[in-house]
1. Quick check: is even one residue across the range 71-86 surrounded by 14 or more Cβ atoms within 10 Å (Cβ to Cβ) and in contact with a Ser or Thr (Cβ under 8 Å, 6 or more places away or on another chain)?
2. Hey, among Leu46, Leu74, Leu93, Leu85, which residue is assigned to a helix (DSSP H, G or I) and over 14 Å from the mean Cα position of the chain (by Cα)?
3. Filtering the range 1-12 down to residues that are among the hydroxyl-bearing types (Ser, Thr, Tyr) and within 20 Å of the chain's Cα centre (by Cα), which residue is surrounded by the most Cβ atoms within 10 Å (Cβ to Cβ)?
4. From the list Leu24, Leu15, Leu58, which residue is surrounded by 10 or more Cβ atoms within 10 Å (Cβ to Cβ) and not in a helix (DSSP H, G or I)?
5. Does the range 28-38 include one or more residues that are surrounded by fewer than 11 Cβ atoms within 10 Å (Cβ to Cβ) and either touching a strand residue (DSSP E or B) at 6+ places or on another chain (Cβ under 8 Å) or not in a helix (DSSP H, G or I) (or both)?
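Derivation of every value follows stated rules applied to the coordinates shown; laboratory data play no part. Keep in mind that this is a model prediction, so the values were computed, not measured. Ideal geometry is used to build each Cβ from the backbone, glycine not excepted, and the neighbour counts take in all protein chains shown.
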Amino acid sequence: MSTRFLPFAASLVPLYLLARDLSLLDNILALILIYTTINLPLGVWLLRSFLLEIPHDLFEAARVDGAAFRHEILRIVVPLIAPGLAATSLICLIF
């Protein structure tokens, strides 16, 4: 969250120097990395509350039924946090 409170002008010089040292100037990868690192704390903070609301009994029931870890994630977690994913995506897109 600290990247949100830092004025963007204060972070321009360090970001430019980092992009220059990594030879990422005039490259779309630099923008992707910058926007990801700025929005990642906000996304984790928002999605954490959705993930904590999932009852552990659902995972235990899935394991009893023989579901693999991949199926637990794809068939239990993703559908339950889909509204949170949508809201987080929109908020990160706006900010």
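1. Yes, the range 71-86 has at least one match.
2. The conditions single out Leu74.
3. So in the range 1-12, the residues among the hydroxyl-bearing types (Ser, Thr, Tyr) come out as 2-3, 11.
Those left that are additionally within 20 Å of the chain's Cα centre (by Cα): 2-3.
Working: Ser2: 6, Thr3: 13.
Looking at residues that are among the hydroxyl-bearing types (Ser, Thr, Tyr) and within 20 Å of the chain's Cα centre (by Cα), I get Thr3.
4. Numbers: Leu15 fails: not in a helix (DSSP H, G or I); Leu58 fails: not in a helix (DSSP H, G or I).
The match here is Leu24.
5. Of the range 28-38, the ones surrounded by fewer than 11 Cβ atoms within 10 Å (Cβ to Cβ) are 28-29.
Okay, now just the ones that are also either touching a strand residue (DSSP E or B) at 6+ places or on another chain (Cβ under 8 Å) or not in a helix (DSSP H, G or I) (or both), so none.
The answer is no; no qualifying residue exists.
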